[in-house]
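Below is one structure, written out as structure tokens; the observations come after it.
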Amino acid sequence: MQPANLVFVQIQPNKCYNQSDKQSGCSIDLVRNPLPPARAGSVYTYQPSATDEDLPANTLTFTAERLPVWLSFDPVTHTLSGTPSAEETGVFEVRLKLSDGQAEAEQAFELLVEGPTGLHPEGRLTEETVRLAPNPTKGVIAIQYPQQVKGSIFQAVLLSLEGQKLVSLRGTLPEVNEAVSSYLLQAGERMYVLQLSLGKETLHLKIVKQ
């Protein structure tokens, strides 16, 4: 798979970077775009690119700040490449940094790795495969999902029974556990609902705080 180049950032003209403008908050302008999905067992390559409106243009430098273990980044060719295995399906975060020597910016992307058949792996997110304990709890919880790949990114929203959003974050399961537990430790004794999503699948889990 080798999709067309992606322009994901633009560097504003040099006049933005004199001392007075820096103090007024002039910065790199980011443009968000999704990464195309990868497929387990198939070679994945993608080459992000950037534009610089300066004349003459500055030299732009890419670095990879966060990658799944199966993916590598060549800073010379600006190419992401790798081959995920069947055990490495899920949603992962890719974080790249761009610098023109005067300013820099990071951009995070979500990368979906589909199963070998092209099916989304999130269909395994069910009440049978996700465990939450202890429940009832004094506050600290641990969500376990044995079928997840390390580094998978979840969307988690803790709700009251009235539908009020209490906690919302995107992160790995350890990050979700920490954020939800931190809230529950200070919360009142009642029932809550945790909405947990991975890709297109969403699961609702009831949590009883005692």
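Rule-based calculations on the coordinates, nothing more; no lab input. These figures come from a predicted structure and were not determined experimentally. No Cβ is skipped: glycine too gets one built from the backbone with ideal geometry, and neighbour counts run over all protein chains shown.
Taking the Cα centre of the stretch 121-208 as origin and assigning +1 to Lys and Arg Cβ atoms and -1 to Asp and Glu Cβ atoms, the resulting dipole is close to 60 debye.
When you restrict to C-alpha pairs under 8 Å that are six or more residues apart and normalise by the size of the stretch 77-210, the relative contact order lands at 23 percent. Distances between placed amide hydrogens fall under 5 Å for A103 paired with no residue 5 or more residues away or on another chain.
Using the number of other C-beta atoms within 10 angstrom as an exposure proxy, rank T59, T89, T77, T129 with the fewest first. Starting with the residue having the fewest Cβ neighbours, the order is T59, T77, T129, T89.
Taking the Cα-to-Cβ direction at L185 and at A133 and moving 7 Å from each Cα, how far apart do the two end points lie in nm? In this crude spin-label approximation the distance works out to 2.2 nm. Rounded to the nearest 20, the Cβ-based charge dipole of the stretch 59-106 about its Cα centre (Lys and Arg +1, Asp and Glu -1) stands at 40 debye.
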